[in-house]
Amino acid sequence: MHDELDRSHEAILVAAVLAGDPRAWQVLYDSAWDRLERYAVWRAGGLRELAEDLLQETWLLAVRKIHQFDPARGSFAAWVVGLASNVARNLLRQRRYRQRQLVPIKSDLAAEADRAEAEIDGEAVARALAQLPARYERILRAKYLDGLTVQQIAQQHGETVAAVESALTRARQAFRETYSPTE
Amino acid sequence: MTDEPSDDLEALLTTAAAAAASASVNPQLRQQLREQTSQRVRGYGRWRRVRRLTTLAGVYVAGWLSAWLWLGWHPTPTPAPAPAPAPAQPLAPAPELIQPSPPVGPSSPLQQADPLAGLPAEEIELLAEQARERAEFVRLFAKAGDRYLAVGDHVAALRCYRNALERMTNAELAVTSTDSWLLMSLKLALVQERTRDQVRE
């Protein structure tokens, strides 16, 4: 956000990273960490374990795909958050699959049930966000995570206030439809 | 449209956002991932240098192959067969076509051949380490590198070349036709590295 680097500076740093300079990478990493961390916690519905998995997967992906980052198309932090958005979907899918495979043994049932109950809201929020179309997820992120007003979102996305309001309504509706805590 | 949350589900989003604003993940994770990803970036540098060296070596080998093929298809012309000899006649003794070479004096260039010619690479390297003049130091280490390279000891060759390169002047860093492929590659890489450092400064 505010500590993000300007585009030309980022372009130079990316060139240095591709030449093998770890210091340049660390500057980019530190500049984007806070924003990605907040995003990861939000996307994980506050679940710390899931947020950490998301951070880890995203940074490993970012360093592998750094050659694809184009500073002309947006900031490094925004690019990393975009990667995290896709990573979150995959993680949630894998997590769900694992949960279906696992059948807790009888003695662990009570503890497991307590833990599951505590996590259910966060898990359901994360899952619902993962099922939303990317545009809806972006607009909810701008509204709730970045704390932007409708006017600010409109300005940022180059859209009218009415269009953003309409999209926000549809995004909320989609979230309501996909959110299912009992599932 | 209002900016306020309108129902409980929206409150969940707001709560998650609030958690995101206040909560932080394991502080060690940040440092751990920083190290892990930096390690990978270091690998990019090494991989880039290996690629560059491989490319240069490939170009060098291709050049040699081209020259070899060219010479193979265009053999040096053989002299035309001599006309059939005339009937034998008593001839005066033919002058000798090959003259014995004159005795070589001590100042002849042939006798000023490289004094290192018979020395093994290890001894040349030792001489290089003992050299007091920079030019001699550079020359001997480069020579030792050549010797090591000729016997296939690439690690030792690299060590000697690196010593030589460290004390080479900019003029000496220019690639010459007598440089081995490895020295040539190292010179080019060093020149590029220095240029990049100058640009950064």
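Where a number appears in this text, it was derived from the coordinates with a stated rule and is not lab data. These numbers were taken from a predicted model, which means no experiment stands behind them. When we count neighbours, we look across all protein chains shown, and the Cβ atoms used for this are built from the backbone with ideal geometry, even at glycine.
Converting phi to 3J(HN,Hα) with the Karplus coefficients 6.51, -1.76 and 1.60 and the offset θ = phi - 60°, the stretch A:19-29 yields 7, x, 8, x, 5, 5, 4, 5, 5, 5, 4 Hz in sequence order, with x at every glycine or proline.
For the stretch B:117-201, the Kirkwood estimate of the hydrodynamic radius, built from every pair of different alpha carbons, is 13.1 Å. With each label modelled as a point 7 angstrom along the Cα→C-beta vector, the residue B:53-residue A:78 pair spans 4.1 nm. Using amide H atoms built in the peptide plane, which far-off residues or other-chain residues are under 5 Å from residue A:19 H to H? When sequence neighbours closer than 5 places are left aside, there are no close amide H contacts. By the beta-carbon count within 10 Å of each Cβ, the least crowded to most crowded order of A:85, A:166, fewest first, is A:166, A:85.
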